[in-house]
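In what follows, a structure is listed as structure tokens, so that the remarks can point back to it.
Every number here is computed from the coordinates shown, using simple stated rules; none is lab data. Please read these numbers as outputs of a predicted model, since none were measured by experiment. Here the Cβ positions follow ideal geometry from the backbone for every residue, glycine too, while neighbour counts run over all protein chains shown.
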Amino acid sequence: MIRELIKKIAPWAFINIVRVFNLTELYQPTYNVKGYFFFKKGLKKRNSYDRVMAIQDNVDFSKVDTYLDIGSQIGYFVFELAEKNNFTIAQGYEMNKVSCAYSNALVYLNDVENLSFTNCKVSPLFVKKMPGFDMISFLNVFHHIVHFDGFDVADQVMRALYSKVDSYFIFETGQFDEKGFYWSESLSFMGDTPTSWLHDYLIDIGYKTVTIIDEYPTHLSDKTRVFFVCSK
């Protein structure tokens, strides 16, 4: 027992160093089923639980045994959905090294099995080489790829992901009606009706059903983003 506690000092200390020194943006809640003490309470900037429940309430989980969250940040969606549904495999891909390490420290602290996080940048080639999953969520990443790599690359990623999804694709992105951000003008192709553009785009990729579940706020502005659940 003492040996196990000693082993957890390092990940616990790492998490608190990240929190105290603001080494990454903690806009998701920190998964803490074991009830550890963490410094600086109330750091989350976005209510993520509403999105988790949107997935939970609109997916047939009898079809989902493996789950991937791309752009997993500090892992909240992976932890919560895995806890609720007992997946065989649950993974997160995250480009920020500190956020990814924070997530893996939480795995160790909370004694979670069959769950892991990988530090990587998603590209068309990467997606083509990665394994398939029953469900993939791709939340608030698309607009960043559009801005930094161009629409053609983002489109290739989206279409490659389609081939890796067995049942459900969960999608949300920044929209052209959110003004004043570094990526805003990169989304001008959405026009004045981004919801319609996104719906038609997901249909064009090949999803059999594209359902608008709701619109959710972010910590960036008073504009909401449309939340899609797509199925094949």
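Hey, got the dipole for region 1-108? About the Cα centre, +1 on K and R Cβ, -1 on D and E Cβ, debye to the nearest 20?
About 580 debye.
Got a sec? Charge dipole of region 2-231, +1 on Cβ for Lys and Arg, -1 for Asp and Glu; which of THR218, ILE15, THR30 is way out at the positive end?
ILE15
Mean shadow of the chain, computed from the convex hull of its alpha carbons, in nm²?
Averaging across all directions leaves 12.7 nm² for the Cα convex hull.
Within the set LYS128/LYS208; LYS121/LYS232; LYS8/LYS41; LYS7/LYS97; LYS41/LYS97; LYS34/LYS223, which residue pairs have Cα atoms separated by over 24 Å?
LYS121/LYS232; LYS34/LYS223
Among 128-135, 26-33, how do they line up by average Cβ neighbours within 10 Å per residue, starting with the highest?
Highest mean packing first, the order is 26-33, 128-135.
Mind ordering 47-59, 72-84 by average Cβ neighbours within 10 Å, highest first?
72-84, 47-59
Whole Å is fine, so just give me how far the alpha carbon centre of region 46-121 lies from that of region 168-195.
Each part reduced to its Cα centre gives a spacing of 24 Å.
Kirkwood Rh over Cα pairs of region 127-187 into Stokes-Einstein at 20 °C, 1.002 mPa s: D in µm²/s?
D, rounded to a whole number, is 175 µm²/s.
Convert each backbone phi in region 176-184 into a coupling constant with the Karplus relation 6.51 cos²θ - 1.76 cosθ + 1.60 (shift: θ = phi - 60°), then list the ³J(HN,Hα) values in order as whole Hz, x for Gly and Pro.
In residue order, the calculated couplings are 5, 7, 8, 9, x, 9, 4, 9, 4 Hz.
Quick one: plug the Kirkwood hydrodynamic radius of region 46-92 (C-alpha pairs) into Stokes-Einstein at 25 °C, 0.890 mPa s, and report D in µm²/s.
Result for D is 226 µm²/s.
Compute, for region 55-174, the length of the dipole vector about the Cα centre, with Cβ point charges of +1 (Lys, Arg) and -1 (Asp, Glu) only. Units Debye, rounded to 20.
420
Could you give each residue of region 206-211 its phi-based ³J(HN,Hα) in whole Hz, using Karplus coefficients 6.51, -1.76, 1.60 with θ = phi - 60°, and x for Gly or Pro?
Per residue, the Karplus-derived 3J(HN,Hα) values read x, 5, 5, 10, 10, 10 Hz.
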